[in-house]
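Trainee: One structure is given below, represented as structure tokens, and several questions about it will come after.
The values are calculated or read from the model by the stated rules, or taken from the named source; none is laboratory data. All of these numbers come straight from a predicted model, not from anything done at the bench. Here Cβ is always computed from backbone atoms with ideal geometry, including for glycine, and neighbour counts include all displayed protein chains.
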Amino acid sequence: MRAPASERRLDWIVDHLDLRPGHHVVEIGGGHGIAASRVLERIGPEGRYLGIDRSEKMTAAARSRNEAAVAEGRARFEVADLLGARIPSASQDRIFAARVATLAKPEALAVALGWLVADGRLYLAFDHPDAARTSDSAADAVQAAGMLGATVVDVRRTVIDGNEVALVVVAP
Ligand SMILES: C[S@@+](CC[C@H](N)C(=O)[O-])C[C@H]1O[C@@H](n2cnc3c(N)ncnc32)[C@H](O)[C@@H]1O
């Protein structure tokens, strides 16, 4: 049986995060923690995952789904808005967000970019049922990155069940 489209979308995104064992990863707005499980498999025992989501309900669900990694100290899930999250600057190898519209805005992007190490990368995935809105969100993120003096390394695209997904890759 095929996995649901939402899981295949998150699989494609995680496949394109250029993850390596030992990476320190932040996910913004991870919802149920489905991508978190995939990321934890890839970053291995030395890797660290931090999920921030402003919803208590989503954070509880994500923590429960990934409770073994939480118990081992490899994963943390915190209720926080990204604009108020207390994450040390220059501490993360990878940051990603899927379906979090606010990341296309310069003020949010600036905060997240500040958490990256010099050779780190930020990945923003957008998908809407209306492909034009997906392209608009990706274009907004590219423009915001440019305003901040960051480099857009790539814009990766795929189609899952007829729905376009765009992944904007940004270097600080
Ligand atoms: C549409 S869901 C996407 C969930 C998952 N990333 C996915 O792609 O299926 C958006 C999630 O982002 C969270 N979120 C939205 N804006 C946020 C912000 N500014 N800071 C932290 N979390 C945020 C919401 O609480 C929600 O869980």
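Trainee: One residue is enough: does the stretch 111-129 have a residue meeting the conditions within 21 Å of Arg9 (Cα to Cα) and near the ligand (Cβ under 9 Å from one of its atoms)?
Mentor: Taking the stretch 111-129 and keeping what is within 21 Å of Arg9 (Cα to Cα), we get 121-129.
Now narrow it down to the ones that are near the ligand (Cβ under 9 Å from one of its atoms): 125, 127.
Looking through the stretch 111-129, at least one residue is within 21 Å of Arg9 (Cα to Cα) and near the ligand (Cβ under 9 Å from one of its atoms).
Trainee: Within the set of pairs 6 or more residues apart or between chains, which connect a residue that is among the β-branched types (Val, Ile, Thr) inside the stretch 54-69 to a residue that is more than 9 Å from the ligand (Cβ to nearest atom) with Cβ atoms less than 6 Å apart?
Mentor: If the second residue must be more than 9 Å from the ligand (Cβ to nearest atom), the pairs left are Thr59/Phe77.
Trainee: From the residues in the stretch 76-85 that are of a type in the set (A, V, I, L, M, F, W, C) and not in a loop (DSSP other than H, G, I, E, B), which one is surrounded by the most Cβ atoms within 10 Å (Cβ to Cβ)?
Mentor: The qualifying residue surrounded by the most Cβ atoms within 10 Å (Cβ to Cβ) is Phe77.
Trainee: Where residues in the stretch 86-110 are in a helix (DSSP H, G or I) and under 24 Å from Ile34 (Cα atoms), which of them is nearest to the ligand (Cβ to nearest atom)? Walk me through it before giving the result.
Mentor: Here is the first cut: in the stretch 86-110, the residues in a helix (DSSP H, G or I) are 101-104, 106-110.
Adding the requirement that they be under 24 Å from Ile34 (Cα atoms) leaves 101-104, 108-109.
Values: Ala101: 8, Thr102: 5, Leu103: 8, Ala104: 12, Ala108: 7, Leu109: 12 Å.
Here the answer is Thr102.
Trainee: Continuing with the same structure: Quick check: is even one residue across the stretch 16-33 under 26 Å from Glu164 (Cα atoms) and part of a helix (DSSP H, G or I)?
Mentor: Of the stretch 16-33, the ones under 26 Å from Glu164 (Cα atoms) are 16-19, 25-33.
From the residues that got through so far, the ones that are part of a helix (DSSP H, G or I) too are none.
Scanning the stretch 16-33, I find no residue that is under 26 Å from Glu164 (Cα atoms) and part of a helix (DSSP H, G or I), so the answer is no.
Trainee: Considering only residues that are more than 7 Å from the ligand (Cβ to nearest atom) and without any contact (Cβ under 8 Å) to a residue 60 or more places away in the chain, look in the stretch 4-19 and name the one that is farthest from the chain's Cα centre (by Cα).
Mentor: Pro4
Trainee: Next question, about the same structure. Tally the residues that are closer than 20 Å to Ala104 by Cβ and out of contact with any helix residue (DSSP H, G or I) (no Cβ under 6 Å at 6 or more places or on another chain), restricting the search to the stretch 28-51.
Mentor: 1
Trainee: Quick check: is even one residue across the stretch 33-41 touching a strand residue (DSSP E or B) at 6+ places or on another chain (Cβ under 7 Å), under 24 Å from Ala90 (Cα atoms), modelled with pLDDT of 95 or more and surrounded by fewer than 19 Cβ atoms within 10 Å (Cβ to Cβ)?
Mentor: Within the stretch 33-41, none of the residues are touching a strand residue (DSSP E or B) at 6+ places or on another chain (Cβ under 7 Å), under 24 Å from Ala90 (Cα atoms), modelled with pLDDT of 95 or more and surrounded by fewer than 19 Cβ atoms within 10 Å (Cβ to Cβ).
Trainee: Exactly one of these conditions fails for Thr134: (1) of a type outside the set (A, V, I, L, M, F, W, C); (2) more than 18 Å from Leu19 (Cα to Cα); (3) in contact (Cβ under 8 Å) with a residue 40 or more places away in the chain; (4) in contact with a strand residue (DSSP E or B) (Cβ under 6 Å, 6 or more places away or on another chain). Give me its number.
Mentor: Of the numbered conditions (1) of a type outside the set (A, V, I, L, M, F, W, C); (2) more than 18 Å from Leu19 (Cα to Cα); (3) in contact (Cβ under 8 Å) with a residue 40 or more places away in the chain; (4) in contact with a strand residue (DSSP E or B) (Cβ under 6 Å, 6 or more places away or on another chain), the odd one out for Thr134 is (3).
Trainee: What residue, among those in the stretch 112-137 that are under 14 Å from the mean Cα position of the chain (by Cα) and assigned to a helix (DSSP H, G or I), is surrounded by the fewest Cβ atoms within 10 Å (Cβ to Cβ)?
Mentor: Leu113
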